[in-house]
Structures are given as structure tokens and as C-alpha cells.
Amino acid sequence: MLITCPYCGPRDVSEFSYQGDGNRTRPDPASTDQAAWNAYVYDRTNIAGDHREIWQHSGGCRSHLAVTRSTLTHRISEVALAGGSTGRRHGGRS
Ligand SMILES: [Zn+2]
């Protein structure tokens, strides 16, 4: 599987580290709502299709990336810098 880093270009997945689900929203750190924290830490959806994930280019520029990957085919449709920059369509192989 190849991931196209916005800075480094297409690289093998072995250069990247999976950082987790990119769809979760962390509760307010001051919150004492145990149900909200429990859901944040333990609840996971098992999506069959496109899934937004956070990856770090740990073997390269060390950027954190928001990657949209199909859990069915591993095809990557979009890669963007995590934190809100514009997305970049992932071309070619997956
Ligand atoms: Zn990179």
C-alpha cells in the first residue's frame, strides 16, 4: 500500500505509523462526564467503506496526515495534513 505524503510524495506504508481513528472527537478536558470519556476511549465503529484515519509519516517528514482509506479495498482516496489543510486527492495505486 502506498500513501502519498503531501511533502514527500508516494511512499510505502512501512514508513508510516497508524495513529488512530480520525473521526473521534475528544471531550472537553475539564469534563467529568464519565459516559462521554468512556465512549471516547472504548467505543469504536466498524466501518465497511471509506474511513478517515490519522497516520504519521514517522519514517520521513514526521507529519501527521488525515488519510481516507477504504476498509474493504485499502484504496486511499484522499490524504491531507491532519489539522485542517486542504485535502489532496490520492492518485493511482493504493
Ligand atoms: Zn512525509
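Miscellaneous remarks
- Site pair Ala36 and Asp50 shows an inter-label distance of 2.9 nm when each label is modelled 7 Å from Cα along Cα→Cβ.
- Each peptide in 34-42, 69-77 was scored by the mean count of other Cβ atoms within 10 Å over its residues; highest first, the order is 69-77, 34-42.
- Of the three principal axes defined by the Cα atoms of the chain, the extents in descending order read 44, 28, 24 Å.
- Selection from Gly22, Pro10, Asn38, by position along the positive dipole direction of the chain (Cβ): Pro10
- Computed lengthening from Leu72 to Asn23, 0.36 nm per intervening residue step minus Cα-Cα distance: 15.9 nm
- Estimated purely from DSSP H runs of n ≥ 4, each contributing -39500 (n - 2.57), the mean residue ellipticity at 222 nm for the chain is -2500 deg cm²/dmol once divided by its residues.
- Heavy-atom accessible surface of the chain: percent carbon and sulfur, 1.4 Å: 47 percent
- Cβ-isolated cysteines (cut-off 4.7 Å), the chain: Cys61
The values are calculated or read from the model by the stated rules, or taken from the named source; none is laboratory data. These numbers were taken from a predicted model, which means no experiment stands behind them. A quick note on method: Cβ atoms are made from the backbone with ideal geometry, for glycine too, and the neighbour counts reach across all protein chains shown. These accessible areas exclude ligands, DNA and RNA; they are computed on the full protein's heavy atoms, side chains included. Shrake-Rupley method; radii C 1.70, N 1.55, O 1.52, S 1.80 Å.
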